[in-house]
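Working notes, structure below.
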Amino acid sequence: MKLHEFQAKRLLARYGIPVPRGVTASTPAQARAAYAALKRLCRASKTFACNVKAQIHAGGRGKAGGVLVASSAAQAGAQASTLLGKPLVTHQTGPEGLPVRRVLLDERIGVTRELYLALTVERYTARPLILASRQGGVDIEAVAAKTPQAIAREPVDPCVGLAAFQIRRVQEALAIPEPLGPAFHATLKGVYTCWTSCDASLIEINPLVETGDGRLLALDAKVVLDDNGLFRHPELAAWRDRGQEHPIEFRAGRIGISYVGLDGNIGCLVNGAGLAMATNDIIKLAGGSPANFLDVGGGANVEQVTKAFAIILADRRVRAILVNIFGGIMRCDWVAQGLLNATQSLRVQAPIVVRLAGTNVEEGRRLLTGTGLPITTADDLADAARRVVGLATR
């Protein structure tokens with residue numbers, strides 16, 4: 001579960017991590033009032049400027065025009081009006097963008113240096129991993145691609161916890177001056193405590209800044225919580241913003257289907273996460289582009305397969321569909337019957353390529369033969385990928 005920036009900062013502040021002062025607003029009128037409240041909070045003089053930042057679950061807001069500046073209450077209202085109620089398109093949202101329903105007004109900070117600090121999961125070792133770079137304020141993916149040596153990595157043993165010598169290593173990697181050492185130690189300890197206490201899968205501070213008056217501050221923050229741990233944190237679960245989630249992903253999650261929308265035009269229906277990833281890979285190798293990752297689950301039945309098809313067809317970009325099923329618990333004839341039900345009840349027009357293997361495969365193929373429906377069978381995955389890519393590019 002992703003948090004908005006204002007929520008992430010609120011959470012980090014609970015663990016002693018310094019963040020800029022800010023006030024949120026959902027209407028232009030609230031933005032005008034928020035400007036006045038923030039000015040009082042900062043004890044500012046007559047000349048006071050603040051940021052007006054669109055709150056969406058995506059990065060790249062500044063480059064996309066989602067971070068504006070206001071120097072008066074009237075201007076704050078006007079800037080909020082340009083953002084609220086409209087989709088913001090960034091390099092992380094896709095062409096549809098995400099709706100802006102709230103803005104954050106926060107104080108502008110005099111910055112002398114921008115750093116990157118994050119805590120995530122190292123998938124290969126299943127351990128917490130600290131990432132740090134002196135090149136903060138930019139896309140960390142670009143830094144990793146161009147200068148991977150610029151990112152320091154510090155794995156943490158979860159049985160031992162974050163040690164003082166590890167904090168010193170990260171401090172050295174970031175070239176934090178000694179006068180700011182205690183503040184940095186408190187910040188990194190706070191990040192680790194927050195990460196473990198809240199069942200987070202990612203805490204990213206980009207940038208962590210050194211200010212002109214000698215402070216460390218989390219100027220921007222991103223927090224992702226592990227959905228599997230939300231039952232322990234009902235107060236955090238209540239922060240979920242369904243309006244920021246892909247509507248198809250939300251619909252799939254409610255019926256127990258693992259679905260992630262991608263930017264291609266070939267819909268995929270697969271049983272098993274590993275097989276689904278391999279299916280996406282082989283479509284790319286065949287020159288195509290998958291429209292989704294969809295794992296219908298190992299124990300799905302005819303009804304579940306039919307629902308999965310409805311999920312795929314809800315994406316209007318889908319030009320062809322690849323069904324790749326290895327029948328174990330899920331029998332191939334169940335899948336075939338689900339395909340028939342879906343194509344008939346949903347009036348499927350997109351061509352379908354089916355590769356079945358495993359339990360009751362012959363019965364499944366028999367059900368799909370001579371139906372008059374736009375269904376093609378394939379014996380192996382490579383052949384299926386070539387066929388579906390050809391159909392999607394017609």
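The values are calculated or read from the model by the stated rules, or taken from the named source; none is laboratory data. Everything quoted here is computed from the prediction, not taken from an experiment. All Cβ positions, glycine included, derive from the backbone under ideal geometry; neighbour counts span all protein chains shown. Accessible surface areas use protein heavy atoms only, side chains included; no ligands, DNA or RNA. Shrake-Rupley method; radii C 1.70, N 1.55, O 1.52, S 1.80 Å.
I'd like to know if region 322-330 contains one or more residues that are open to solvent by 50 Å² or more (accessible area, probe 1.4 Å) and part of a helix (DSSP H, G or I).
No - not one qualifying residue is present in region 322-330.
Whether any residue in region 186-197 is farther than 18 Å from Glu5 by Cβ, aliphatic (A, V, I, L, M), open to solvent by 40 Å² or more (accessible area, probe 1.4 Å) and not in a helix (DSSP H, G or I) is what I want to check. No, region 186-197 has no match at all. When you scan region 342-365, do you find a residue that is in a helix (DSSP H, G or I) and within 31 Å of the chain's Cα centre (by Cα), even just one? Checking region 342-365: at least one residue is in a helix (DSSP H, G or I) and within 31 Å of the chain's Cα centre (by Cα).
Selection of region 237-268 for residues being aliphatic (A, V, I, L, M) and within 15 Å of Asp281 (Cα to Cα) yields Val260, Leu262, Ile266.
Evaluated against (1) without any contact (Cβ under 8 Å) to a residue 24 or more places away in the chain; (2) open to solvent by 80 Å² or more (accessible area, probe 1.4 Å); (3) more than 21 Å from Ala308 (Cα to Cα), Gly390 falls short on exactly one condition, (2). Applying the condition of being touching a Leu at 6+ places or on another chain (Cβ under 8 Å) and modelled with pLDDT under 80 to region 343-369 and asking which residue is most open to solvent (accessible area, probe 1.4 Å) yields Gln344.
When the residues of region 113-167 are narrowed to those that are assigned to a helix (DSSP H, G or I) and either in contact with a Lys or Arg (Cβ under 8 Å, 6 or more places away or on another chain) or in contact (Cβ under 8 Å) with a residue 24 or more places away in the chain (or both), which ends up farthest from Leu216 (Cα to Cα)?
Val143
Please return the ranges of helices (runs of 4 or more DSSP H) entirely within region 1-90 where 2 or more residues are closer than 23 Å to Val223 by Cα and not aliphatic (A, V, I, L, M).
Per the criteria, 5-14.
Based on this model, can you work out whether Val209 counts as assigned to a strand (DSSP E or B), under 26 Å from Arg61 (Cβ atoms), in contact with a helix residue (DSSP H, G or I) (Cβ under 6 Å, 6 or more places away or on another chain) and of a type outside the set (Phe, Trp, Tyr)? No; evaluated as a whole, the condition is false for this residue.
Checked against (1) touching a Ser or Thr at 6+ places or on another chain (Cβ under 8 Å); (2) of a type in the set (A, V, I, L, M); (3) open to solvent by 30 Å² or more (accessible area, probe 1.4 Å), Ile17 passes all but condition (3).
Among the numbered conditions (1) in contact with an Asp or Glu (Cβ under 8 Å, 6 or more places away or on another chain); (2) buried (at least 18 other Cβ atoms within 10 Å of the Cβ); (3) among the β-branched types (Val, Ile, Thr), the only one that Val143 does not meet is (1).
Taking region 370-387 as the range and being under 35 Å from the mean Cα position of the chain (by Cα), among the small types (Gly, Ala, Ser) and open to solvent by 30 Å² or more (accessible area, probe 1.4 Å) as the test, only Ala382 passes.
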